[in-house]
Every structure is written in structure tokens, then in C-alpha cells.
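The values are calculated or read from the model by the stated rules, or taken from the named source; none is laboratory data. Just so it is clear, the model here is predicted, and its values are computed rather than measured. Using ideal geometry, Cβ is built from the backbone for each residue, glycine included, and neighbour counts are taken over all protein chains shown. Each accessible area value is taken on the protein alone, full model and side chains, heavy atoms only, with ligands, DNA and RNA left out. Shrake-Rupley method; radii C 1.70, N 1.55, O 1.52, S 1.80 Å.
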Amino acid sequence: AYRVVRRGASTLVISHGLSDPYPDFEEANAGLGLELYAETREPIHGAIAGSDVFKLVQATAQQAAHSGQMAVFLARHGVITMEFHAEDCGLEAYQNAHGMVGIMIGVDHPELPRTVRLPGGEVILASVQILTPEELDHVVEARAEGRRLVHERVKAAGVHHFVTPGRPSVVGPSGGRL
């Protein structure tokens with residue numbers, strides 16, 4: 001399930017259920033230990049389910065549920081990146097030359113906490129940001145160092161976690177060697 005929150009000119013789509021307790025466990029627990037969200041300042045026309053932010057959160061939440069380890073990776077690395085086949089999640093407008101869309105998970109929100117405590121335990125609130133094709137190429141090429149550079153630059157540029165179609169890349173076309 002998903003929730004939609006409107007904050008002024010922004011719209012957030014938030015996963016709802018990844019932190020639901022596992023019913024077969026006797027001890028208190030917070031399920032997968034995370035919830036995901038994407039936020040845009042752009043107007044959303046039509047149904048929210050057809051929006052890029054919804055598609056982004058839906059695809060990422062499905063991957064989180066499938067792997068079961070996303071909260072562990074976020075706790076260990078702070079931010080993580082991954083790729084989806086753009087056609088599979090309806091995000092073709094963001095794809096690179098190979099048909100992939102890159103995302104960065106865990107860019108801090110300047111106004112929201114990174115974690116919250118629920119009755120079952122601590123839960124990570126992780127933003128999901130779409131990478132430009134140049135940013136994705138840089139992360140693929142430079143791996144952890146590329147992820148670190150893109151993360152630093154999206155924060156420094158004021159992009160943070162906000163999903164903005166057509167935003168300029170924070171790395172150069174040569175993969176960040178500016």
C-alpha cells in the first residue's frame with residue numbers, strides 16, 4: 001500500500017507496509033525495517049498512480065520486499081544505488097542508452113528524520129531519487145566512490161531527494177570528471 005502526502009507545493013508518495021510487523025514472530029519487530037518515499041515539487045496531472053513518483057516508490061518497494069535486505073544495506077552504507085529496466089517500471093523518460101533507470105536510495109531530506117521508532121523497533125525512512133543517465137553511468141563506472149560523489153553533489157546542488165523531470169546532471173557527460 002501507499003500513502004500520498006501533500007506539503008505545500010510538494011507531493012510525497014510513501015510506501016505503507018514495509019515496516020508492518022511479521023506476524024509469525026513472537027518478539028516485537030518492524031518487518032523489513034524501512035519505508036520508502038519520493039517527493040516532487042512538480043505538479044502531478046492525472047491519477048497519482050500514473051505519476052513518476054508513484055512508479056518510483058512502487059518499483060523500489062517491490063525490490064525492497066523481494067530482497068529483504070535494503071534496510072541492512074542502508075544502515076551499512078548510508079545511501080545505496082540500484083538499476084531497474086525502465087520499461088518494467090514505466091520510467092522510460094529517465095532511461096539511459098541501455099534502457100536502465102538508476103536510483104539513489106537514502107538521500108537525506110532536509111526536514112524529515114532518517115529514522116523513526118515504532119512499537120516494533122527503529123524504521124529507516126529512505127528517500128528515492130532518480131539518477132540522470134550521466135549520474136547512473138558514473139555510479140556504475142566508479143562504484144562506491146561514484147555513489148559518494150553523486151550523493152554529495154545532489155545535496156550540494158540543492159537537488160536532495162526531490163524528483164524533478166529533466167533536471168541537470170550533477171556530473172559531467174564524461175562521468176563526473178569535471
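Mind listing whichever residues of segment 86-111 are open to solvent by 10 Å² or more (accessible area, probe 1.4 Å), hydrophobic (A, V, I, L, M, F, W, C) and in contact (Cβ under 8 Å) with a residue 60 or more places away in the chain? Don't jump to the end; show me each part of the working.
Of segment 86-111, the ones open to solvent by 10 Å² or more (accessible area, probe 1.4 Å) are 87-90, 92-100, 108-111.
From the residues that got through so far, the ones that are hydrophobic (A, V, I, L, M, F, W, C) too are 89, 93, 97, 100.
Within segment 86-111, just Ala93 meets the criteria.
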Note to self: Any residue in segment 24-36 that is more than 26 Å from Ile103 (Cβ to Cβ) sitting within a Cβ distance under 6 Å of a residue that is open to solvent by 20 Å² or more (accessible area, probe 1.4 Å)? List the pairs, counting only those 6 or more apart or interchain.
What the structure shows: Ala28/Gly120; Asn29/Pro21; Asn29/Tyr22; Asn29/Gly120
Check: Looking at (1) under 17 Å from the mean Cα position of the chain (by Cα); (2) modelled with pLDDT under 95; (3) over 24 Å from Ser67 (Cα atoms), which is the only condition Ser169 fails?
Finding: (2)
Checklist line | Residues satisfying the stated conditions in segment 118-140, i.e. touching a strand residue (DSSP E or B) at 6+ places or on another chain (Cβ under 6 Å), open to solvent by less than 40 Å² (accessible area, probe 1.4 Å) and closer than 12 Å to Ala30 by Cα | finding: Val123, Ile124
Next item on the list: Report whether or not Glu145 is at pLDDT 95 or above, over 15 Å from the mean Cα position of the chain (by Cα), under 29 Å from Gly33 (Cα atoms) and part of a helix (DSSP H, G or I).
Entry: yes
Notebook entry, point to check: How many residues does segment 148-173 hold that are touching a residue at least 24 places away in the same chain (Cβ under 8 Å), open to solvent by less than 70 Å² (accessible area, probe 1.4 Å) and in a helix (DSSP H, G or I)?
Noted result: 4
